[in-house]
1. Look at B:Ser103 and say whether it is of a type in the set (Gly, Ala, Ser) and more than 23 Å from B:Phe51 (Cβ to Cβ).
2. Taking the criterion of being in contact with a helix residue (DSSP H, G or I) (Cβ under 6 Å, 6 or more places away or on another chain), modelled with pLDDT of 95 or more, within 14 Å of chain A (Cβ to nearest Cβ) and open to solvent by 10 Å² or more (accessible area, probe 1.4 Å), would at least one residue in the range B:98-120 satisfy it?
3. Evaluate the range A:22-30: report whether one residue or more is within 14 Å of chain B (Cβ to nearest Cβ), within 28 Å of B:Asp6 (Cβ to Cβ) and either touching a helix residue (DSSP H, G or I) at 6+ places or on another chain (Cβ under 8 Å) or in a strand (DSSP E or B) (or both).
4. In the range B:87-121, what count of residues is obtained for those that are farther than 21 Å from B:Ile161 by Cβ, among the acidic types (Asp, Glu) and not in a helix (DSSP H, G or I)?
5. Find the residue count for the range B:139-148, including only residues that are among the small types (Gly, Ala, Ser) and surrounded by 17 or more Cβ atoms within 10 Å (Cβ to Cβ).
6. Which of the numbered conditions does A:Asp135 fail, given that it passes all the others? Conditions: (1) away from chain B (no Cβ under 14 Å); (2) open to solvent by 30 Å² or more (accessible area, probe 1.4 Å); (3) not basic (Lys, Arg).
7. Within the range B:50-59, which residues are assigned to a strand (DSSP E or B) and open to solvent by 30 Å² or more (accessible area, probe 1.4 Å)?
8. Can you confirm whether B:Asp6 is at pLDDT below 95 and either within 14 Å of chain A (Cβ to nearest Cβ) or farther than 30 Å from A:Gly21 by Cβ (or both)?
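The values are calculated or read from the model by the stated rules, or taken from the named source; none is laboratory data. A quick note: this is a predicted structure, and the numbers were derived from the prediction, not measured. A quick note on method: Cβ atoms are made from the backbone with ideal geometry, for glycine too, and the neighbour counts reach across all protein chains shown. For accessibility, only protein heavy atoms count, side chains too; no ligands or nucleic acids. Shrake-Rupley method; radii C 1.70, N 1.55, O 1.52, S 1.80 Å.
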There are 2 protein chains.
Amino acid sequence: MYKETDFTKISAEVLEQLQKGAFLTVSDGERTNTMTIGWGSVGFVWKKPIFMVMVRYSRYTHEIISKAKEFTVSVPLGGQLKDALNVCGKKSGRDIDKFKECSLKTEKGLAVDTPIISDCDAHIECRIVYRQGMDGNSLAGDINKNCYSTKDYHVLYYGEILKAYKK
Amino acid sequence: MYKETDFTKISAEVLEQLQKGAFLTVSDGERTNTMTIGWGSVGFVWKKPIFMVMVRYSRYTHEIISKAKEFTVSVPLGGQLKDALNVCGKKSGRDIDKFKECSLKTEKGLAVDTPIISDCDAHIECRIVYRQGMDGNSLAGDINKNCYSTKDYHVLYYGEILKAYKK
């Protein structure tokens, strides 16, 4: 049973766990993949609740999300699925089927066609409303050096939160 | 007395009040201005706590923040300062001194030179680490129509949260 909730109500625990890892799941209708994210933001923009995720150009997930209309973020608030978070952050969906490899169960999203990861506690389902590749020239020098030594920048995907809910 | 806090701890109440209004204060060393914001986001990006604010190109605040290195966000969690939020959202700092007009008291930031607005409950002090003007072509059509009928797009300013605290 899921309990739908205002996005602001779960923002604190989602942001806290996000720093330890959450699953970003994307699908372009043909291919579905999930990857571990540790960065993102939650806010209110354009009169809408918005969740922002970031995907580097080099990622298999980027191949998919660049053709997608939506994404889901599944958050293991209880600290479970650590091994899966580890694998899904290090391996590429180009090489393995992460769902099979990690025995990750999925289920249908409530508002989107992209699945959510079962056994997570909080889920955020989004429609992509804005996307923009980063411009490294406008980034603080220390961050550019720390996070983008190979110039493999992120594309920022802003999703309108259609559903936010906890188990 | 202020109590410093983890940014995630106050994210829920900050995001809730933000939708009703908060003060974005900027200074370029010579000029200081504040404006009402209703949009923004809080997150963890580039290994740092990040608060994102948006300022339209046409704004007096944009003249200042485009030359600034930091900003502060002051949030009246108790619903006070409604008249000031109203004036600071409608009038331009080009025409009036908003601090004088609204009898807004300010005080020094703890980590930045830009002041904070007294009589607010929560304060977020940021160093600007990334800025990027919006590309209307990558925005969902309904939002483009709703929010940018005059093409007066926002510039997104991402601030590293140096201090987040509540009274």
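1. yes
2. no
3. There is at least one residue in the range A:22-30 that is within 14 Å of chain B (Cβ to nearest Cβ), within 28 Å of B:Asp6 (Cβ to Cβ) and either touching a helix residue (DSSP H, G or I) at 6+ places or on another chain (Cβ under 8 Å) or in a strand (DSSP E or B) (or both).
4. 3
5. Total meeting the criteria: 1.
6. Result: A:Asp135 fails condition (1) only.
7. If the condition is that a residue be assigned to a strand (DSSP E or B) and open to solvent by 30 Å² or more (accessible area, probe 1.4 Å), then B:Arg56 is the only one that fits.
8. yes
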